[in-house]
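Report on the structure given below.
The values are calculated or read from the model by the stated rules, or taken from the named source; none is laboratory data. Keep in mind that this is a model prediction, so the values were computed, not measured. We place every Cβ from the backbone using ideal geometry, glycine too, and count neighbours over all the protein chains shown. Remember, those area values only see protein heavy atoms, side chains included, never the ligands or the DNA or RNA. Shrake-Rupley method; radii C 1.70, N 1.55, O 1.52, S 1.80 Å.
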Amino acid sequence: MAAGERLPLAWFQRPTPVVARALIGCVLVHGDRAGRIVETEAYLGPEDRASHARFGPTARNRVMFGPGGVTYVYLCYGIHQMFNIVSDRDGQAGAVLVRAIAPVAGLPDDPPADPAVGRGPGKVTRALGLGPAQHGRTLDTDALHVRAGRPGAAIVTTARIGVDYAGPWARRRLRFALAGHPAVSRPR
DNA sequence: GTTCCGATGCTT
DNA sequence: AGCATCGGAACG
């Protein structure tokens, strides 16, 4: 898949950790705003004690159990919108949280882009204008889609952030980030 | 540098 | 009650 091409829905319908890693370097486009994805986390099915899918399908997480390529947006801590991309095949729950983006276009301060604008999942949605209206939509429209990045970038994997309650699952290396990128949030 | 905490509202 | 957060204040 050449850099810049729009990813087809089938691209997302692969195992969640594969999708989470492959999304690093890709560009998320929402209307006239866009950001290069530099940090993601994979959330798996009911077996993953850190995943919203751990309680089975509910009103909130229902789309996680459907086919990949659909958005999953929810409110966290009463304040922040979280933007996820559903992954894996229909019936196999999974989603990828977009935790950080590097500004590409249309962000609040254009060229001398401040990396902090897209650092952290709550900042991602603020920067791109993503919210409840974008929940449950397929990522195959002009208004909302993902474009392929260049393969071969150096990617680091770590434990996921903020899921210490999840026992052994908290230690799984399901967070992916562009090595050393200034927009990547927090630790190593 | 660290740790703590309030804001704020939906989910289980 | 418990969060897949953030920014600011307080403290070493």
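Would you point out the residue of the range A:40-70, among those that are farther than 19 Å from A:G136 by Cβ and free of Cβ contacts under 8 Å to residues at least 60 places away in the same chain, that is farthest from DNA strand B (Cβ to nearest atom)? Full working, then the answer.
Residues of the range A:40-70 that are farther than 19 Å from A:G136 by Cβ, as a first pass: A:40-42, A:44, A:46-50, A:54.
After this cut, where a residue has to be free of Cβ contacts under 8 Å to residues at least 60 places away in the same chain as well, the list is A:46-47, A:54.
On the way: A:P46: 12, A:E47: 16, A:R54: 9 Å.
Ranking the qualifying residues of the range A:40-70, first place goes to A:E47.
Hey, could you check the range A:45-98 for residues that are within 11 Å of DNA strand C (Cβ to nearest atom) and among the charged types (D, E, K, R) and say which is least open to solvent (accessible area, probe 1.4 Å)?
Residues of the range A:45-98 that are within 11 Å of DNA strand C (Cβ to nearest atom), as a first pass: A:45, A:48-55, A:60-61, A:63-64, A:72-87, A:93-98.
Those left that are additionally among the charged types (D, E, K, R): A:48-49, A:54, A:60.
Numbers: A:D48: 0, A:R49: 115, A:R54: 60, A:R60: 118 Å².
Result: A:D48.
Quick test for you: out of A:V104, A:V124, A:V184, pick the one residue that is β-branched (V, I, T), modelled with pLDDT under 95 and open to solvent by less than 30 Å² (accessible area, probe 1.4 Å).
Numbers: A:V104 fails: open to solvent by less than 30 Å² (accessible area, probe 1.4 Å); A:V124 fails: modelled with pLDDT under 95.
When all the criteria are applied, what remains is A:V184.
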